[in-house]
Amino acid sequence: MKQALAFVCSVLLLCLCAGCSPSAPEAVASDPAAEVLPEAPASPQEALPEEAGAEPVLPPGAGLPDSEFTGENGNPTEPPALAQPETPQADPSRTKKLVVLDPGHQSRANTSQEPVGPGASEQKMKVSGGTQGVATGIPEYDMVLTVSLQLRDELESRGYEVLMVRETNDVDLSNRERAEIANEAGADVFLRIHANGSDDRSVSGAMTLCPTAGSPYPIGGLYPQCRLLADCVLDEFTSMTGARKERVWETDTMSGLNWCRVPVTLIEMGYMSNPDEDRKLNDPAYQALMVQGIANGVDQYFARQGQ
Ligand SMILES: [Zn+2]
């Protein structure tokens with residue numbers, strides 16, 4: 001029963017995402033790891049928002065090697081020169097731990113395709129538009145940026161160095177590009193901040209995602225770190241917010257995880273398809289709790305890493 005549900009969920013996940021294109025399911029179905037998913041998310045949409053929200057645009061100052069940089073409206077001063085392959089790798093002189101934050105999605109989806117992982121023949125949409133609050137009408141990309149900016153400040157106050165993948169909604173960054181920003185910066189931790197959506201408005205709760213131990217991509221070699229990070233963030237998040245704890249979903253279907261070469265987790269902070277949870281996710285007091293919970297999870301990760 002659980003297996004069957006997982007299969008259904010894994011298929012549904014691909015198409016529920018608000019920004020998901022009809023081609024997404026194929027991409028997933030062909031994913032080498034898709035069939036071996038240990039478990040599916042509690043609800044069908046969980047995984048979708050992520051890939052659906054993939055991200056193709058260059059954030060100002062992101063330093064992506066790729067140059068689809070078009071001098072985006074908001075930031076004509078960011079020269080393509082930033083997009084050099086020589087972006088600082090783990091800086092040996094750095095004394096602080098570096099946390100790279102990726103607020104999921106962006107104001108406009110990029111439906112072009114990119115490989116789901118290094119060497120993969122399967123393609124997925126670069127970035128989807130994400131989900132949207134059923135009660136507030138606020139888009140996921142907007143809410144997660146609001147929370148991420150607060151999280152940046154909190155992490156910096158705790159002594160971390162923080163690099164934002166994007167600080168505005170008007171960017172065009174694919175999920176692969178976002179992962180590469182974290183790779184090139186030599187992130188000690190890469191956090192992808194998302195919210196979920198489901199056809200069932202009663203579904204609520206938070207989950208984190210990480211690659212499987214058997215991932216066909218290089219990130220599989222960092223499974224222990226990714227799993228620990230996913231556990232720490234989910235435990236501390238749900239403890240602080242009181243949100244229902246869904247699960248850590250191990251999956252190799254997400255481009256934004258597959259392209260990583262640094263410890264990564266993606267958190268789905270709650271369901272914007274649930275009216276009550278949507279209101280919470282957009283409430284400043286609750287956002288402060290989410291920020292504390294995630295930051296506590298990062299602290300826990302580094303505290304337990306050496307154990
Ligand atoms: Zn999302």
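So the values come out like this:
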{"item": "Reciprocal mean inverse distance between Cα atoms of region 109-222 - Kirkwood radius, Å", "result": "16.2"}
{"item": "Assigned charges on the beta-carbon of Lys, Arg, Asp, Glu; region 98-304 dipole about Cα centre (debye)", "result": "260"}
{"item": "For region 144-155, 3J(HN,Hα) per residue [Karplus equation, 6.51 cos²θ - 1.76 cosθ + 1.60, θ = phi - 60°, Hz, x = Gly/Pro]", "result": "5, 6, 4, 5, 5, 5, 5, 5, 4, 4, 5, 5"}
{"item": "Global form of region 98-304, assessed from the alpha-carbon gyration tensor, a/c cut-off 1.5", "result": "rounded"}
{"item": "Extension gain (nm, one decimal) between residue 244 and residue 146, 0.36 nm per residue minus Cα-Cα", "result": "33.1 nm"}
{"item": "Only Lys, Arg (+1) and Asp, Glu (-1) charged, at Cβ; region 90-149 dipole about Cα centre in debye", "result": "200"}
{"item": "Contact order normalised by residue count of region 98-304, Cα under 8 Å, 6+ apart, percent", "result": "28"}
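Values quoted throughout were computed directly from the atomic coordinates according to the rules given, and no laboratory measurement underlies them. Fair warning: this is a prediction, and the values are worked out from it, not measured in the lab. For neighbour counting, all protein chains shown are included, and Cβ atoms are generated from backbone atoms with ideal geometry for every residue, glycine included.
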